[in-house]
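Undergrad: Let me give you the structure first, and then I'll get to my questions.
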Amino acid sequence: MVIEACGDEQSKIHEEIEKLKLIPDYYKTHPPELLKQVKELNDKYWAIERPLRVSILLCPVCFQTDKDMTYNPVRNTWYCTECYGVLKKGNEERGTPEEFP
Ligand SMILES: [Zn+2]
């Protein structure tokens with residue numbers, strides 16, 4: 001599955017970041033070249049994470065991946081039907097039902 005492949009790649013990136021942070025100088029002196037590496041890895045991580053959050057694969061509210069999904073054309077985002085219902089109700093109560101048609 002796509003989402004599992006993403007997860008593998010992300011945990012690899014996460015491990016690399018953790019490894020860099022283990023270097024004793026990291027917190028003491030914040031060497032610029034280390035910070036740069038961590039930033040690059042973070043960017044890589046979010047390059048995977050960002051599209052997942054707006055895609056149908058992952059509900060951006062509860063982060064579940066195995067639910068029935070509903071598309072919200074106003075926000076251009078997929079939500080699971082459960083979260084969609086909660087958000088829809090919340091928006092109706094706030095007087096913005098057009099946010100969740
Ligand atoms: Zn959800």
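Undergrad: For n ≥ 4 DSSP H runs only, could you compute -39500 (n - 2.57) per run for the chain, divide by its residues and tell me the 222 nm figure to the nearest 500?
TA: Rounded to the nearest 500, it is -20000 deg cm²/dmol.
Undergrad: Using every pair of alpha-carbon atoms in region 2-54, split the distances into 5 Å bins beginning at 0 and state the percent of pairs per bin, rounded to integers.
TA: It works out to 4, 20, 27, 20, 13, 9, 6, 1, in whole percents.
Undergrad: Beyond 22 Å between alpha-carbons counts as too far, so tell me which of Lys39/Lys67; Lys44/Lys67; Lys67/Lys89 fall in that bin.
TA: Exceeds cut-off: Lys39/Lys67; Lys44/Lys67.
Undergrad: What does the net charge come to around Lys88 if you take all other residues with beta carbon closer than 12 Å to its beta carbon, with K and R at +1 and D and E at -1?
TA: Result for the neighbourhood of Lys88: -2.
Undergrad: Now a separate question. What translational diffusion coefficient, in µm²/s and rounded to a whole number, does the Stokes-Einstein relation yield for the chain at 37 °C and a viscosity of 0.692 mPa s, taking the hydrodynamic radius as the Kirkwood radius over Cα pairs?
TA: It comes out at roughly 206 µm²/s.
Undergrad: Here's another thing I want to ask about it. Normalising by the residue count of the chain, find the relative contact order in percent from Cα pairs under 8 Å and 6+ residues apart.
TA: The normalised contact order for the chain reaches 17 percent.
Undergrad: Related question: Just subtract the alpha-carbon distance of Asp43 and Asp66 from 0.36 nm times their residue separation and send over the number in nm, one decimal.
TA: Between Asp43 and Asp66, full extension yields 5.6 nm more.
Undergrad: For helix 81-93, report the angle its Cα long axis makes with the longest principal axis of the Cα atoms of the chain; keep it between 0 and 90° and round to the nearest 10°.
TA: The angle comes out at about 70 degrees.
Read the figures in this text as sums done on the coordinates, not as results from a lab. Everything numeric here is computed off the predicted structure, so don't read it as measured data. Quick reminder, even Gly has a Cβ in these numbers, built from the backbone with ideal geometry, and neighbours come from all protein chains shown.
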